[in-house]
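Engineer: Submitted below is the structure of interest, expressed as structure tokens.
The values are calculated or read from the model by the stated rules, or taken from the named source; none is laboratory data. This structure is a prediction, so every number in the text was calculated from the model and none was measured. When we count neighbours, we look across all protein chains shown, and the Cβ atoms used for this are built from the backbone with ideal geometry, even at glycine. Ligands, DNA and RNA are stripped out before the accessible areas are found, and what is left, the full protein with its side chains, is counted by its heavy atoms. Shrake-Rupley method; radii C 1.70, N 1.55, O 1.52, S 1.80 Å.
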Amino acid sequence: MATPAAEIDIDAPLVEALLASQCPELAHLPVRVVANGWDNTIARVGDDWLVRLPRRAASAPLVENEQRWLPVLAPSLPLTVPVPWFAGRPSDVFPWHWSVCRWLPGQSAAAAPPNDPVEAARTLATFVAALHVPAPADAPLNEFRGVALQQRAAAVEQRVAAMGAGVDAARVLAVWAELSATPPWPGPPLWLHGDLHPSNMLTLDGRLSAVIDFGDITSGDPATDMAVAWMLFPPAERALFRSIAAIDADTWRRAAGWALNLALAYLTGDDSTSMPAIGRDTLAAVLTEFG
């Protein structure tokens with residue numbers, strides 16, 4: 001599945017115009033576009049700043065969610081997160097909200113995995129435990145994340161059918177049936193990152209240093225975020241992650257179901273990104289543990 005086309009051509013002159021009109025204290029700095037993702041374009045501003053702009057109308061509310069909630073959550077989190085330093089407003093130049101954040105050094109954990117998986121498991125477990133606290137009633141909703149696992153059944157079945165010989169359909173569906181039959185989350189909706197995978201984490205000097213891209217921030221079943229254990233860790237470190245994060249048996253099984261569901265989604269992703277490789281490794285890990 002290719003990355004959706006941008007609905008607005010975002011280039012350096014556009015970012016320069018936005019800074020000049022709304023954030024003039026940074027307007028003197030050089031601007032260069034460094035990334036075009038599924039939802040957002042990232043422009044680096046000087047050495048210390050970035051501008052994050054939605055590429056599509058469907059992505060615009062995600063930036064607003066980050067602006068609203070990251071300043072609330074960041075003080076309690078043990079890893080750096082990209083708290084917006086300036087919240088840009090819609091204007092005649094650009095129709096949606098946009099953000100200025102500090103540039104965070106490091107590399108994607110998909111490209112540069114942590115050197116010490118034991119330390120990384122401890123660090124990430126501590127992070128999710130701090131994030132996963134009861135969310136307020138006005139927390140963002142996401143129909144694809146944090147929901148009851150069984151609600152993803154149709155998507156799983158459709159992706160397996162579409163992949164044909166690319167997966168062992170009988171084995172995948174048998175594991176999915178087992179995991180998705182796990183009792184649902186019985187507690188209150190908890191805060192979730194919503195899209196916690198190695199490409200949304202940074203490493204610096206071989207250590208996990210930041211969690212980025214909170215566009216899918218939502219509330220619900222913490223198992224959605226716990227799926228990262230099969231994306232990043234070998235079995236022993238996965239067990240350590242579970243122990244430190246105090247994940248009960250049912251939540252762990254739902255997390256494996258979420259990992260399977262997300263792996264299939266990543267496998268149908270843009271081949272120019274890291275996602276298909278993450279999907280292959282994650283699916284193999286889940287099938288090895290539960291299949």
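Engineer: How many residues does region 87-101 hold that are open to solvent by 40 Å² or more (accessible area, probe 1.4 Å) and either part of a strand (DSSP E or B) or of a type in the set (S, T, Y) (or both)?
Structural biologist: Of the residues in that region, 2 qualify.
Engineer: Mind telling me which of the residues W69, W98, W49 ends up being free of Cβ contacts under 8 Å to residues at least 60 places away in the same chain and either under 29 Å from W191 (Cβ atoms) or touching a His at 6+ places or on another chain (Cβ under 8 Å) (or both)?
Structural biologist: On inspection, the qualifying residue turns out to be W49.
Engineer: Among all residue pairs at least 6 apart or on different chains, which show Cβ distances below 9 Å where the first residue, located in region 213-225, is under 10 Å from P140 (Cα atoms) and touching a residue at least 24 places away in the same chain (Cβ under 8 Å) and the second is among the aromatic types (F, W, Y) and part of a helix (DSSP H, G or I)?
Structural biologist: Final answer for the pair search is I217/W69.
Engineer: While we're looking at this one, here's another question. Can you tell me how many residues in region 102-147 are surrounded by fewer than 16 Cβ atoms within 10 Å (Cβ to Cβ), under 19 Å from M226 (Cα atoms) and of a type in the set (G, A, S)?
Structural biologist: The qualifying residues number 2.
Engineer: With the structure loaded, tell me whether T123 is assigned to a helix (DSSP H, G or I) and at pLDDT 95 or above or whether it fails that test.
Structural biologist: Judged against the criteria, T123 is a match.
Engineer: From W176, W191, W185, grab the single residue that is of a type outside the set (A, V, I, L, M), in contact with a Leu (Cβ under 7 Å, 6 or more places away or on another chain), surrounded by 15 or more Cβ atoms within 10 Å (Cβ to Cβ) and farther than 22 Å from V83 by Cα.
Structural biologist: After ruling out the rest, the residue left standing is W176.
Engineer: Taking E64 and the conditions (1) open to solvent by 50 Å² or more (accessible area, probe 1.4 Å); (2) over 18 Å from the mean Cα position of the chain (by Cα), which numbered condition does it fall short on, given that it satisfies the others?
Structural biologist: Only one criterion is unmet by E64, namely (2).
Engineer: Test each condition in (1) over 30 Å from R122 (Cβ atoms); (2) modelled with pLDDT of 95 or more; (3) open to solvent by 60 Å² or more (accessible area, probe 1.4 Å) for S76 and report the one that comes out false.
Structural biologist: Among (1) over 30 Å from R122 (Cβ atoms); (2) modelled with pLDDT of 95 or more; (3) open to solvent by 60 Å² or more (accessible area, probe 1.4 Å), the lone unmet condition for S76 is (1).
Engineer: Now, a different point. Scan region 148-173 residue by residue and report those that are open to solvent by 40 Å² or more (accessible area, probe 1.4 Å), outside any helix (DSSP H, G or I) and within 20 Å of R280 (Cα to Cα).
Structural biologist: Across region 148-173, the qualifying residue is only D168.
Engineer: Out of (1) closer than 20 Å to L192 by Cβ; (2) in contact (Cβ under 8 Å) with a residue 24 or more places away in the chain, the odd one out for V83 is which?
Structural biologist: If we test V83 against (1) closer than 20 Å to L192 by Cβ; (2) in contact (Cβ under 8 Å) with a residue 24 or more places away in the chain, just (2) comes out false.
Engineer: Out of L29, L19, L14, report the one residue that is farther than 30 Å from L141 by Cβ, open to solvent by less than 50 Å² (accessible area, probe 1.4 Å) and touching a helix residue (DSSP H, G or I) at 6+ places or on another chain (Cβ under 7 Å).
Structural biologist: Criteria check complete, one pass: L19.
Engineer: So how many residues does region 273-290 have that are more than 12 Å from S199 (Cβ to Cβ), surrounded by fewer than 22 Cβ atoms within 10 Å (Cβ to Cβ) and touching a residue at least 60 places away in the same chain (Cβ under 8 Å)?
Structural biologist: Qualifying residue count, region 273-290: 2.
Engineer: If I ask for residues that are among the aromatic types (F, W, Y) and farther than 15 Å from A284 by Cα, which ones from region 249-268 would you list?
Structural biologist: Hit for region 249-268 is W252, nothing else.
Engineer: Is region 81-102 home to any residue that is under 30 Å from E237 (Cα atoms), in contact with a helix residue (DSSP H, G or I) (Cβ under 8 Å, 6 or more places away or on another chain) and of a type in the set (G, A, S)?
Structural biologist: No; the residues of region 81-102 include none that is under 30 Å from E237 (Cα atoms), in contact with a helix residue (DSSP H, G or I) (Cβ under 8 Å, 6 or more places away or on another chain) and of a type in the set (G, A, S).
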